[in-house]
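**Q** One structure follows; several queries about it will come next.
The values are calculated or read from the model by the stated rules, or taken from the named source; none is laboratory data. This is a predicted model, so every value here is computed, not measured. Cβ sites come from the backbone with ideal geometry, for glycine too, and all protein chains shown count toward neighbours. Side chains included, ligands, DNA and RNA excluded: accessible areas come from the protein's heavy atoms. Shrake-Rupley method; radii C 1.70, N 1.55, O 1.52, S 1.80 Å.
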Amino acid sequence: MNYESLIFDIDGTLWDSRSLVAEGYNLQLKDEGLEHLFVDAQRLKSLFGKVMTEIADILFAEIPLPERYALMERCMARENQYLQDNPCAIGYPGVKETLTRLAETHRLFIVSNSQCGYPELCIRKLGLEQYITAHLCFGDTGTSKGKTIRTLMERQGITSCAYIGDTQGDYEATLEAGIPFVWASYGFGVPAGYVAKIDALSDLLTL
């Protein structure tokens, strides 16, 4: 494998924030008297990788629109603040070391289905500021992950790249974007296809 650029997913690829995200959501839900809607890390496992509106449709189906999405926005804002206040020692082993070495020979990017502010928070918490060239997320574009990937590629002049992710949704996004998919098998899902598999992030160094 020899690509000029590498684009990374966040959740299930760079870190596992499920428990902290659930705690942030639940703080907001408790404040609003919605304890019966509490979530946990296991519940979020199958939802990470979906866009925020899809997650809201599943978690808060009993809440009518448009209040459902407004509630999701508040939960995400509380999540961001909760993660900001937490040390976030949730990165997978060797993340910074691996990206430090990869940045010597590749441009590195992030594309996530997250809300605005989440990629920046991840980059800052993992100490990746000098290694990530740019990032884009659903909160920025409001489009599918595949289209968000293409938007990033066009803006950054990326002509040769692979996407590193962990879920079926990530795989489908690469099909839409027309780029190869590298499966992070230590993450949250089992995709239908991939061009290469890594069992640890550091495996990228030997591909």
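**Q** What's the center-to-center distance, using Cα atoms, between the stretch 152-173 and the stretch 55-118 in Å?
**A** Between the Cα centre of the stretch 152-173 and that of the stretch 55-118, the gap is 17 Å.
**Q** On a straight-distance basis, which aspartates and glutamates could pair with Lys125 in a cross-link, Cα separation under 12 angstrom, same-chain partners fewer than 8 positions away excluded?
**A** By straight Cα distance, Lys125 reaches Asp85.
**Q** Relative contact order for the stretch 85-201 using alpha-carbon pairs under 8 Å, separation at least 6, rounded to a whole percent?
**A** 20 percent
**Q** Hey, what do the phi angles of the stretch 166-172 turn into as Karplus ³J(HN,Hα) couplings, whole Hz, using 6.51/-1.76/1.60 and θ = phi - 60°, x for Gly and Pro?
**A** Along the stretch 166-172, the couplings run 10, 10, 4, x, 5, 4, 5 Hz.
**Q** Which residues make up the longest stretch of the chain that has no GluC sites (Glu not before Pro) in a DSSP loop with at most 16 other Cβ atoms within 10 Å? Write down the numbers at each step before the final one.
**A** Working: sites that count: Glu4, Glu32, Glu62, Glu104, Glu129.
It runs 130-207.
**Q** What's the percent breakdown of Cα-Cα distances in the stretch 58-207 across 5 Å bins, shortest bin first?
**A** In whole percents, the pair-distance histogram is 2, 9, 16, 20, 22, 17, 9, 4, 2, 0.
**Q** With contacts defined as alpha carbon pairs under 8 Å and 6 or more residues apart, what's the relative contact order of the stretch 102-151 in percent? All intermediate terms of the calculation are to be shown ahead of the outcome.
**A** Numbers: 58 pairs, mean separation 21.4, N = 50.
For the stretch 102-151, the relative contact order is 43 percent.
**Q** Carbon and sulfur: what percent of the stretch 1-119's accessible surface (1.4 Å probe)?
**A** Looking at the stretch 1-119 in its full context, I get 51 percent from C and S.
**Q** Give me the orientation-averaged projected area of the Cα convex hull of the stretch 35-91, in nm², one decimal.
**A** 4.5 nm²
**Q** What aspartates and glutamates does Lys50 reach when the alpha-carbon gap must be under 13 Å and sequence neighbours fewer than 8 apart in one chain are set aside?
**A** Candidates past the 8-residue exclusion: Asp9, Asp11, Asp166, Asp170, Glu172.
**Q** Run the quick spin-label model on Thr143 and Gln42: label points 7 Å from Cα toward the beta carbon, then report their separation in nm to one decimal.
**A** Computed distance between label sites Thr143 and Gln42 equals 3.9 nm.
**Q** Taking Cα atoms of the stretch 66-155, Rg/Rh with Kirkwood Rh, to two decimals?
**A** 1.01
**Q** If you don't mind, there's one more thing I want to ask. Would you mind telling me which residue in Arg107, Arg68, Arg18 has the biggest mean-square fluctuation in a Gaussian network model of the chain, where springs connect alpha carbons within a distance under 10 angstrom?
**A** Arg68
**Q** When only C-alpha pairs under 8 Å and at least 6 residues apart count, what is the relative contact order of the stretch 30-118, in percent? Write out the running numbers ahead of the final one.
**A** On the way: 25 pairs, mean separation 32.2, N = 89.
Over the stretch 30-118, the number comes to 36 percent.
**Q** Continuing with this model, one more query. Quick check: the angle from helix 67-85's long axis to the longest principal axis of the chain, C-alpha only, nearest 10 degrees?
**A** 60 degrees
**Q** Could you work out the local net charge near Asp11, counting Lys and Arg as +1, Asp and Glu as -1, over the other residues with Cβ closer than 9 Å to its Cβ?
**A** With Lys, Arg at +1 and Asp, Glu at -1, the net is -2.
**Q** Let me ask something else about it. For the chain, what is the calculated [θ] at 222 nm in deg cm²/dmol (nearest 500), taking -39500 (n - 2.57) for each run of four or more DSSP H residues and dividing by its residue count?
**A** For the chain, the value works out to -12500 deg cm²/dmol.
**Q** Here's a follow-up. Under a GNM of the chain (C-alpha, springs under 10 Å), which listed residue has the highest mean-square fluctuation: Pro64, Pro191, Pro180?
**A** Pro64
**Q** Specify the residue with the greatest mean-square fluctuation among His106, His36, His135, computed from a Gaussian network of the chain linking alpha-carbon atoms under 10 Å apart.
**A** Highest fluctuation of the listed residues: His36.
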